[in-house]
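Computed from the coordinates by the stated procedures, all read-outs in this text should not be read as laboratory data. The shown structure was predicted, so the numbers you read here are calculated from the model rather than taken from an experiment. When we count neighbours, we look across all protein chains shown, and the Cβ atoms used for this are built from the backbone with ideal geometry, even at glycine.
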Amino acid sequence: METLKGKTAVVTGASRGIGRAIGAALAREGMNLVIGARGKEALEATAQELSQQHQVKVVPVPCDVTKQADLENLADTALKEMKKVDALINSAGVSSQSPFQDQPLEDIERLMYTNYFGAVMLTRLLINHFIENREGAIINIVSGSALVDPPPRGFIVYSSLKRALRAFGKGLFWELRDYGIKVSSILPGVADTALTSGLNEISVDKSRLISAAVVEDAVRFALSVPANVCPLEISVINQRTPWTRPVIPYKQDHPEE
Ligand SMILES: NC(=O)c1ccc[n+]([C@@H]2O[C@H](COP(=O)([O-])OP(=O)(O)OC[C@H]3O[C@@H](n4cnc5c(N)ncnc54)[C@H](OP(=O)(O)O)[C@@H]3O)[C@@H](O)[C@H]2O)c1
């Protein structure tokens with residue numbers, strides 16, 4: 001396993017939830033961070049806390065991943081401040097639960113630019129840096145909802161965009177492996193975060209959820225293994241997670257219930 005100490009990661013969506021848990025885990029390993037999210041106050045508080053707790057450099061860059069200029073500023077600041085970036089973790093994301101016929105167009109656009117284009121464009125902005133260095137890692141936080149077919153009812157836009165992100169990562173994995181660059185998709189089941197707290201039927205039973213913290217292990221693993229054994233995908237799901245209902249009948253797999 002490779003050491004992460006002294007390396008640098010750019011993490012989007014790092015001010016709360018899964019992105020924050022990932023940032024904290026990497027800071028604990030001694031990684032320096034450039035973190036992005038829209039809310040300046042929470043982002044700066046996160047940066048201060050992580051840098052003080054773990055004696056690493058953490059640069060907060062307020063950034064809306066739906067805006068190209070913000071993404072350019074995030075990538076430029078990371079390269080200027082850190083000189084070398086070793087990993088990009090695309091975790092910024094939003095959710096939405098709606099029957100498709102009622103879903104506002106603005107909501108569809110927000111999902112598309114946050115959950116798909118934001119990650120693709122930031123990857124594009126950093127990819128030549130990784131290629132020049134002949135190393136680097138890209139990790140996309142996809143979704144366990146992409147594992148089930150058909151996409152879960154009420155989440156078809158969210159889930160189809162996560163499928164697109166998963167497909168993007170798969171293509172990139174093969175395209176970049178000759179440069180020694182790792183690309184992994186992490187597919188978390190429903191996690192106990194702000195993103196899911198308001199969803200109907202999804203977050204009511206906490207025993208069916210995962211904690212944001214368990215995604216950290218998958219990220220640390222993907223970052224620590226050598227490039228020639230890079231995991232293409234890691235699913236981190238609670239088998240009782242609501243997304244798995246279409247494929248894993250609870251009663252059959254959990255006779256104790
Ligand atoms: N929670 C789950 O059950 C679950 C399951 C599978 C996959 N995921 C995926 O995991 C990722 C993180 O989800 P989470 O549960 O940690 O959500 P969360 O707790 O709501 O955190 C989302 C983070 O993303 C940032 N963010 C949102 N929109 C942004 C934008 N336009 N530009 C920049 N930053 C933005 C938020 O900060 P600001 O609001 O301040 O910008 C926050 O830091 C998402 O991609 C989500 O789809 C979550």
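In this calculation the C-beta distance from residue 132 to residue 40 is compared with R0 = 41 Å, giving a FRET efficiency of 0.85. Sorting the segments 95-102, 17-24, 72-79, 232-239 by their residues' average number of neighbouring beta-carbon atoms within 10 angstrom, most packed first, yields 17-24, 72-79, 232-239, 95-102.
In this calculation the C-beta distance from residue 2 to residue 156 is compared with R0 = 35 Å, giving a FRET efficiency of 0.35.
With R₀ fixed at 51 Å, the C-beta to C-beta distance from residue 102 to residue 235 puts the FRET efficiency at about 0.95.
As a rough guide to protection, the peptides 212-218, 143-149 ranked by mean Cβ packing within 10 Å, highest first, stand as 143-149, 212-218. Normalised by the number of residues in the chain, the average gap of Cα pairs under 8 Å and 6 or more apart makes the relative contact order 19 percent. P(r) tail, region 1-70: Cα-Cα pairs separated by more than 21 Å, 18% of all pairs. Ranked for footprinting exposure by Cβ neighbours inside 10 Å, fewest first, 158, 116 give 116, 158.
Among the listed pairs 84/162; 80/162; 40/170; 67/170; 57/162, a Cα-Cα separation exceeding 27 Å is found for 84/162; 80/162; 40/170; 57/162. Adding -39500 (n - 2.57) for every DSSP H run of four residues or longer, then dividing by how many residues the chain holds, sets the calculated 222 nm ellipticity at -12500 deg cm²/dmol. The ranking of 138, 35 from fewest to most other beta carbons within 10 Å of each one's beta carbon is 138, 35. Against the empirical 2.2 N^0.38 Å (N residues), the chain has a Cα radius of gyration ratio of 0.98. Local charge for residue 232 was computed over the other residues whose Cβ lies under 11 Å away, with Lys and Arg +1 and Asp and Glu -1, and equals +3.
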